[in-house]
1. Would you check if A:Gly366 is free of Cβ contacts under 8 Å to residues at least 24 places away in the same chain, within 17 Å of A:Cys331 (Cβ to Cβ) and open to solvent by 20 Å² or more (accessible area, probe 1.4 Å)?
2. Out of all the residues in the stretch A:190-204, which are surrounded by fewer than 13 Cβ atoms within 10 Å (Cβ to Cβ) and aliphatic (A, V, I, L, M)?
3. Test A:Gln7 against the criterion of being open to solvent by 30 Å² or more (accessible area, probe 1.4 Å), more than 24 Å from the chain's Cα centre (by Cα) and under 23 Å from A:Ile325 (Cα atoms), and give yes or no.
4. Residues A:Asp461, A:Asp415: which one is within 12 Å of chain B (Cβ to nearest Cβ) and of a type in the set (Asp, Glu)?
5. Determine whether the stretch A:183-196 contains at least one residue that is assigned to a helix (DSSP H, G or I), over 27 Å from the mean Cα position of the chain (by Cα), among the basic types (Lys, Arg) and at pLDDT below 90.
6. Is it the case that the stretch B:128-146 has a residue that's polar (S, T, N, Q) and within 18 Å of B:Leu261 (Cα to Cα)?
7. Assuming A:Met49 fulfils every condition listed in (1) open to solvent by 60 Å² or more (accessible area, probe 1.4 Å); (2) at pLDDT 85 or above; (3) out of contact with any Leu (no Cβ under 9 Å at 6 or more places or on another chain) apart from one, which condition is it?
8. What residue, of B:Phe131, B:Phe81, is in contact with a Ser or Thr (Cβ under 8 Å, 6 or more places away or on another chain), touching a residue at least 12 places away in the same chain (Cβ under 8 Å), among the hydrophobic types (A, V, I, L, M, F, W, C) and open to solvent by 30 Å² or more (accessible area, probe 1.4 Å)?
Amino acid sequence: MNSMPFQPEILWTDFLIFVLIGSFLVFIVYTLRHEHLRVPWRQVARRPMAMASMVILLAYVAVGLMDSIHFRPLQEGQNPEAPVYSNEVLSLLDKAAMPLRARTEKTYSAPFAMQAYSKETVEYPDGGHARENPRLLYGGAHLQDPSERAADIVRRAGTATLAALGLWSLLVVGFLLSWRQSHEPLMQTVRRLVRGKGEFPWRAVLITSGILIILVLNAVYLSLYYHIFGTDQVGQDVFYKSLKSIRTGLVIGTLTTLVMLPFAALFGIMAGYFRGWVDDVIQYVYTTLSSIPSVLLIAAAILTLQAYIATHPESFTSATERADIRLLFLCLILGVTSWTSLCRLLRGETLKLREVDYIQAARALGASHLSVMARHILPNVMHIILIAVVLDFSGLVLAEAVLSYVGVGVDPTMDSWGNMIVSARLEMAREPLVWWSLAAAFVFMFSLVLAANLFSDAVRDAFDPRLRK
Amino acid sequence: MIGYIIRRLLYAIPILIGVNLLTFTLFFFVNSPDDMARIHLGGKRVTPEAIVKWKDDHGYNKPLLYNSGRPGTGKITDTIFYRYSVRLFVFDFGSSDQGRDIRNDISQRMWPSLAIALPVFLVGILVHITFAMLLAFFRGSYLDTSGVVLCVIMMSISSLFYVIGGQYLISMLLRLVPISGYDLGFEAVKFLILPIIVGVVGGIGASTRLYRTFFLEEINKDYVRTARAKGLSELRVLFRHVLKNAMIPILTGVVVVIPLLFTGSLILESFFAIPGLGSYTIDAIHSQDFAIVRAMVFLGSVLYITGLILTDITYTLVDPRVRLE
């Protein structure tokens, strides 16, 4: 039997992410086919802020997706006839960032540092010894003398920036050629772009991508020689940890909505459509659920899950799997606490819709309840669902940090911005200050949430009929 | 009015029963007392005798729902459900897994919580409304636009950063107030200033932006145009007419959290080491003290439902157009 160099591994959240992407693609195709849905999206696309945010969001999604394709590598030194795969589950991102992952120092080190944070007793070849900050194993190890560091960083950053600008000009030229109208002089196309003419804000998109390409190339290139965000207590590269946290943040922001959406939509529409006792029961359920403070409900559920995991260790084969189940469970329970508001909105809208003429007509023509709800009501409350989905995202990403702080967030072994902030709390009390984990978590989290907020504002403005001019 | 309140109170009963059943299911069915004992005793190799002893010590050595070994009403009352769930309705929270009386703890820790939550709430509303009115007054100008952008930026920062940043800036760099802690009486003020500032600043982004839309919604209405046509100055219009009407959605939105002020803020209290109910809850979660978490879930729900009833009553008080049915 031919053995593969790896064994694919699909975690639960991976599976759901693929489901999510599938439904997203279906949604896009559906939108493209319906003029009335294309119009508001075009309105979103006309906003420079929204398009710039989307570039950033797409970059995050790309990293998150790379981190969602998992496999177990073949264990080395094994008989190829009977392959044994490692217990460790890796992702494509881990594979790509292997240099970052493997190069761990002993403990803390500052960004771009060449020497460790803490002093150690170093022995000299001549027999003497002294307390000093030893050189790092990897950070700046290619340099002989620490005084060369500044020049080296500037030189490498310059190289990376030049390469990035080259790449970006290729992108711009490619865009110009495809955007140019037939027989238009090229200079005129350039002028149109620079002045921001045309229906869509291509200038904003290209500028954002340019900045993004410069930042990414610099970060990637410099991180091969330095720890650009420093290292944490066990010497892990903080930049790598921040990259790994992207998936956690995205999963919580999107899967939570995915799992709660069917329930919120079904119950909300049913309550508004049937009224009577169905309405009473559904209203009772969501009032009860929403009257429990959500942090406490999440805490109660996570505590019970912890107890379950502690008493059934045999159900989980690897630490990654255990952390993944906890992440999924967190999404589920966050979904339980957040579906009620959407359900209430949908119920109210359906109450209004069911009295509308075309629904009455559909009923009179003999359409079944199910088909009225699915074909007439659901499409007409779609904008509410969409607005809720995009507005919830940033709140959920922020909630992850708070929950991790409370101790009921993702697994402590899982990389997440929340866990980084939690550990930063103790680091901030150290002397000298260890600020870089906090800074890295801040930069990554802030840019994601800000981009999501700006984008969701544009979506809300375009889809909310009350805001339409 | 009184009839309405009574009806609302009656309606709260089935909801509280629902909350109670839900927590009972979570804490005793999904997670049996044996599991709890195992967690507290630690590890997988726990002898059955140790589990029985732990359950004896903590009063979990009863059947869940029906005790056939007891005579008369004891069949019902001498069970875990009666002892730990039904008794919650009379606010008998029992004792924590460490053996402390929970009701006593709560009534002591409530006050430090309130000492932070109430100022944050009041100062917060004042500051947010002021900023929102400022933006609404200069609507459409650069001040308005940059203010809204600033709000979105502030909304995008996790509350944890506000706390850590505030502690670093004001306590560690400027050394104006102690970094954390609490004291009794008037001495507490110096410990409370920083958490209150952090709490208010952290909420500015979201609330200012929301209140601004309330103001703008009112500003475009006919009665405002009439007021302006009468020759009232823009400031007078804003304070005399717009403010009053915009207060309706603002008030009804904030009234719901007033009862919950008693339970304090999880993050502020825990970061600033204030011995309130928020840090009590966090400590209970960290030490997996199920009894306290259970009590706080129930207490939180009661307070939230009270908040909902208060909201409905406020509605009728501030907006005469709303009739109770």
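1. Values: free of Cβ contacts under 8 Å to residues at least 24 places away in the same chain: yes; within 17 Å of A:Cys331 (Cβ to Cβ): no; open to solvent by 20 Å² or more (accessible area, probe 1.4 Å): yes.
For A:Gly366, the condition - free of Cβ contacts under 8 Å to residues at least 24 places away in the same chain, within 17 Å of A:Cys331 (Cβ to Cβ) and open to solvent by 20 Å² or more (accessible area, probe 1.4 Å) - is not met.
2. A:Val194
3. Values: open to solvent by 30 Å² or more (accessible area, probe 1.4 Å): yes; more than 24 Å from the chain's Cα centre (by Cα): yes; under 23 Å from A:Ile325 (Cα atoms): yes.
Considered against the rule, which asks whether it is open to solvent by 30 Å² or more (accessible area, probe 1.4 Å), more than 24 Å from the chain's Cα centre (by Cα) and under 23 Å from A:Ile325 (Cα atoms), A:Gln7 comes out as yes.
4. Working: A:Asp415 fails: within 12 Å of chain B (Cβ to nearest Cβ).
Answer to the selection: A:Asp461.
5. Quick first cut of the stretch A:183-196, residues assigned to a helix (DSSP H, G or I) only: A:186-194.
Those left that are additionally over 27 Å from the mean Cα position of the chain (by Cα): A:186-194.
After this cut, where a residue has to be among the basic types (Lys, Arg) as well, the list is A:191-192.
With at pLDDT below 90 added as a condition, the list becomes A:191-192.
Yes - at least one qualifying residue is present in the stretch A:183-196.
6. Going residue by residue through the stretch B:128-146, those that are polar (S, T, N, Q) are B:130, B:141, B:145-146.
Now drop any that are not within 18 Å of B:Leu261 (Cα to Cα), which leaves none.
The answer is no; no qualifying residue exists.
7. Unmet condition: (3).
8. Values: B:Phe81 fails: in contact with a Ser or Thr (Cβ under 8 Å, 6 or more places away or on another chain).
Every option except B:Phe131 fails the conditions.
The values are calculated or read from the model by the stated rules, or taken from the named source; none is laboratory data. Only a predicted model underlies this, so the values are computations on that prediction, with no experimental measurement involved. Here Cβ is always computed from backbone atoms with ideal geometry, including for glycine, and neighbour counts include all displayed protein chains. Protein only, heavy atoms only, side chains kept; ligands, DNA and RNA dropped before computing areas. Shrake-Rupley method; radii C 1.70, N 1.55, O 1.52, S 1.80 Å.
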